[in-house]
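Quick note: the coordinates plus some simple rules give every number you see, no bench work behind them. Note that the coordinates shown come from a computational prediction; the quantities given were computed from them, not determined experimentally. Neighbour counts run over all protein chains shown; Cβ positions are idealised from the backbone, glycine included.
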Amino acid sequence: MTKNRIQFNAFDMSCIMHQSPGLWSHPQDQSVRYKDLDYWVDLAKLLEAGKFDGLFIADVLGVYDTYQGSAAASIRSAMQIPVHNPLLQVTAMAAATKKLGFGITVSSTYEQPYSLARTFGTLDHLTKGRIAWNIVTSYLDGAARNLGMQRQMSHDERYELAEELVDVCYQLWEGSWEEDAVIEDRENQIYADPEKVHEIGHKGKYFSVPGVYLSEPSPQRTPVIWQAGTSGIGRAFAARHAEAVFTVAPTPVILRRYVDDIRAVAAEAGRDPRSLKIFTEITIVTAATDEEAQAKYADYLSYYDYEGALAFYAGITGIDLSQLDPHQPLEYVDTDSARFALEIFSKADPDRTWTPDEVAKYVGIGAMGPVLVGSPETVSDELERWIDEADIDGFNLAYAITPGTFEDFIEFIVPELQDRGRYWKDYDESTTVRERLYGVGQKRVRDDHPAAKYRRQLEQKRADRETVESFVV
Ligand SMILES: Cc1cc2nc3c(=O)[nH]c(=O)nc-3n(C[C@H](O)[C@H](O)[C@H](O)COP(=O)(O)O)c2cc1C
């Protein structure tokens, strides 16, 4: 059997401390440069030289302030605060590269679809189709309180809102401008034909958008949709909308349960289950030999920040472990935060119990994702095992230190995976992110994706108009 190419994205965030609490203080870490555009441009060029599929940028809109009931630990440890808007560096990175894709996280909970659709449409034009939207529903109550709400909407209502928001975006991207609406006729001074630009007329529970889309059709129209729902309602959402799913799990066996389930739910929703490309978060610490890699890992661990790790866990789960005995086993409880994190450390693996102390150590490097430590052979064996056992398509690589972790990946792992036929020698002809997932030529959403409904409706409107016009003639 021929083995597929494994896809890799670098996983980052517009902040200092992304997934490895404390490691920003390592002498080789450059994450404090996150506020320089050069830092991002250099990173994009490095990733493209290493033939990464893309750069994936996480985001949060609030401060992790659950730990000890205060933001102090997060602020002290730069735990995703300060954090910048992740969209703003994309155009500079796109200008410096030709092939690298960009997956950007924007919460669906605090946006208006009319303006959000234009933001992604603009980026799709300016990157020539290299943009993807990672839809998250948010989990920090502080975000809600600072964005004009009394408290965060309930977990399930955030998904209900997301459902309507993405639907309105699809209508704007796919259902407003006909393919040949733009004429650019200089002689007659007609840029676009108003007959071919339609109002979407949306009136729903959360949004009212009567008008036309503000941009014009871009290479992908709908950006590639990423999503990472883990709860029942989250999986249903991902199964309906996600073209790429971002997951995290401590072992391939645990991940496989999720993968099988989400593909089954996608099939029930009328989608080809294999059209959901599934990526999991992983951190790699590598060097020429296993011993050198272990020494590097030990060095990194000596910089890990216990308090920062628990502040992160508390923010994601809503559970403040500072109140518990560090060696007390955790039990599953429901909170209004992100369930994936709760499940990882409680019921996901029935053979394993976790204590607060163990959680902090696990989160210390690579946060919720596993860490692979070893030589190129050791790590590549593990990567292939994850791909095969979990039935996934690729990885989002978090870093222990940046850009060092990505440089090590390119130096040590890429050649090994290339020798195994698992990593491409060069980019192919694809220019858009969607073609990366589905092959050259597939720039627009597939027919079985919910956004395609509005493409069909637009085609119908056009057919109806042409019928009327033929009668008039
Ligand atoms: C791998 C992974 C990465 C995520 N990244 C973010 C992020 O950057 N920002 C965010 O607000 N939520 C993030 N989330 C949270 C989810 O997208 C989702 O909103 C949250 O988990 C609540 O849904 P759930 O209970 O269905 O998992 C992430 C979740 C996963 C599994």
Could you order the peptides 365-373, 106-114 from most to least packed, using the average number of other C-beta atoms within 10 Å per residue? 365-373, 106-114
Tilt of helix 290-301 relative to the longest C-alpha principal axis of the chain, in degrees (0 to 90, nearest 10)? 90
For the pair Asp357 and Val440, how long in nm is the line joining their label points, each one 7 Å along Cα→Cβ? 5.7
Please determine, in degrees from 0 to 90 and to the nearest 10, the orientation of helix 232-241 with respect to the longest principal axis defined by the Cα atoms of the chain, where the helix direction is its Cα long axis. 50
Based only on other Cβ atoms within 10 Å, what is the fewest-to-most ordering of Trp226, Trp354, Trp386? Trp354, Trp386, Trp226
Loop-located trypsin sites (Lys or Arg not before Pro) in the stretch 377-447, at most 12 other Cβ atoms within 10 Å (DSSP): Lys425
For Ala452, project a label point 7 Å along Cα to C-beta. Then give me every residue of the stretch 270-296 with its amide nitrogen under 16 Å of that point. 270-277
Among 79-87, 153-161, how do they line up from the highest to the lowest mean number of other beta-carbon atoms within 10 Å? 79-87, 153-161
With Kirkwood's inverse mean 1/r over C-alpha pairs for Rh, give me the Rg to Rh ratio of the chain, two decimals please. 0.98
Quick calc, the stretch 343-473, dipole around Cα centre from Cβ unit charges on Lys, Arg (+) and Asp, Glu (-), nearest 20 debye, gives 1000
If you average the C-alpha positions of the stretch 89-109 and of the stretch 253-270 separately, how far apart do those two centres end up, in angstrom? 28
Phi angles of the stretch 132-137, converted by Karplus (6.51 cos²θ - 1.76 cosθ + 1.60, θ = phi - 60°) into ³J(HN,Hα) in whole Hz with x for Gly and Pro, give 10, 10, 8, 7, 10, 9
Give the residue from His84, Thr355, Ala266 lying farthest towards the positive end of the charge dipole for the chain; charges sit on Cβ (+1 for Lys and Arg, -1 for Asp and Glu) and the dipole is referred to the Cα centre. Ala266
Past 31 Å, Cα to Cα: identify those pairs from Lys99/Lys361; Lys277/Lys425; Lys35/Lys128; Lys98/Lys277; Lys99/Lys453, in the order given. Lys99/Lys361
Okay, which of the stretch 32-76 sit inside 19 Å, backbone N to the point 7 Å along the Cα-Cβ direction of Lys425? 49-53
